[in-house]
Amino acid sequence: MMTDRRNARLAALVLILSLALAACTGLKAPDVSAPPAANPNERLLYANLYVQTAAEYEAICLQTYNWAAEKLKTKLAAVPKDGKTPAVVMDLDETVFDNSRYFSFLDRERLAGASALWDLWEIEYFREVLLVPGAKAFIEAAEGMGVSVVYISNRQTRLQNDTIAALRHLGLSVEDIDRRLMLREESSEKTLRRAKAESMFRVVMWVGDNLRDFSEEFTAPSQYANDAERLQAIAARKEKVRRAAARWGDDWIVLPNPVYGEWPKPLGPEPRKFLRKTEMKK
C-alpha cells in the first residue's frame, strides 16, 4: 500500500513539473493520454536481470573473491616488514555494493539515470543496497589477516555519511573509516586517491568492476566523430588489457558489471553495429 502511494505521488510530481515547465517556457503541455515513451532502460533489461537472477553471476563473483583471498595470503608472505600496514584497495559500487534495486527503480519508472536520482538513492535508500556475492567474506578474511581495506569510490564526499551508513547496514567494519574511505570531490579520476592510498599503506591488491578502478589508461573517450573511432577505442582498451595480462588475478582483481561503466561508452546509440559479423545464412 505504501509503495502504491509513493508511486502515485511520483507520477503526480512528474506531471506537475512537466506542466510547470511548459508554462514557463511556452512549450505545449504533454498529452497525458498519449502512449508512454519507450523505456530508456530497455537496453539494460537483460544486464540487470543477469545480475539479479543469474546463478552464474553469483558463481563468478564467489569464484573471483575466493581466488582473491587465496592470492592475498600468498602476497602477504612476501610483504616487507617496513612498518607500513598492508592494504587492499576496493571500489564500492558493483564491487562491494550491489545497487541493482536502483536500476529496478529506473526501469519501473521508465527514467534515465540522473545524478539527483542517484543522490536520492544514496541518502534515503541505503538500506536497499545489497552485497556483491563474496565481497563481505573477502573483506573479513583480509581484515583477519591484518590487512586494511581501503575504499576508493566515486560516490561524493558530501554524502560520506550515507556511504558509511550503507557500510554499517551491511555489517562491514567502519573502524578508522575516515582514513579508509576516499570519495570523489570533483573529478571522477582516481589517480590522486590511488597515490594517497599508496602513501599511507602498502597496497598489495586492487579490486574493482571498472578498469578505471585500476588505471586511468583504460578510460574510454567521451566523444567520437565516427564509427571508426568507436572501433579504435574498443580495440585500444582490449590491447591495454592484454599488455597487463600478468596483473589480472594477481594484484588486479576484476568483478563483472554488465550494466554500466566505461565499456559501453564507445557503443553509442546503435550498439548492434559492433556485433561481430558472420557469414551464416538461413
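Among residues of the stretch 36-69 being of a type in the set (Gly, Ala, Ser) and surrounded by 12 or more Cβ atoms within 10 Å (Cβ to Cβ), the one that is nearest to residue 107 (Cα to Cα) is 47. Just so you know, in the stretch 70-128 the residues that are exposed (fewer than 13 other Cβ atoms within 10 Å of the Cβ) and under 24 Å from residue 170 (Cα atoms) include one that is modelled with the lowest pLDDT, and it is 115. Just one of (1) surrounded by 14 or more Cβ atoms within 10 Å (Cβ to Cβ); (2) closer than 27 Å to residue 137 by Cα fails for residue 236. It is (2).
Of all residues in the stretch 215-257, those satisfying the criterion of being without any contact (Cβ under 8 Å) to a residue 40 or more places away in the chain, under 25 Å from residue 63 (Cα atoms) and of a type in the set (A, V, I, L, M, F, W, C) are 241, 244, 245, 246, 248.
Quick check on the stretch 135-153: of everything there that is among the small types (Gly, Ala, Ser) and not in a helix (DSSP H, G or I), which residue is surrounded by the fewest Cβ atoms within 10 Å (Cβ to Cβ)? Among residues in the stretch 135-153 that are among the small types (Gly, Ala, Ser) and not in a helix (DSSP H, G or I), the one surrounded by the fewest Cβ atoms within 10 Å (Cβ to Cβ) is 146.
Looking at the stretch 238-258, can you tell me whether even one residue there is out of contact with any His (no Cβ under 6 Å at 6 or more places or on another chain), among the aliphatic types (A, V, I, L, M), over 26 Å from residue 66 (Cβ atoms) and at pLDDT 95 or above? No. Restricting the stretch 257-282 to residues that are touching a Phe, Trp or Tyr at 6+ places or on another chain (Cβ under 8 Å) and not in a loop (DSSP other than H, G, I, E, B) leaves a set whose member that is surrounded by the fewest Cβ atoms within 10 Å (Cβ to Cβ) is 267.
In the stretch 114-134, the condition of being touching a residue at least 24 places away in the same chain (Cβ under 8 Å), assigned to a strand (DSSP E or B) and touching a strand residue (DSSP E or B) at 6+ places or on another chain (Cβ under 9 Å) is met by at least one residue.
The values are calculated or read from the model by the stated rules, or taken from the named source; none is laboratory data. Note that the structure is predicted; figures quoted are calculated from it, not measured. Virtual Cβ from ideal backbone geometry, glycine too; neighbours counted across all protein chains shown.
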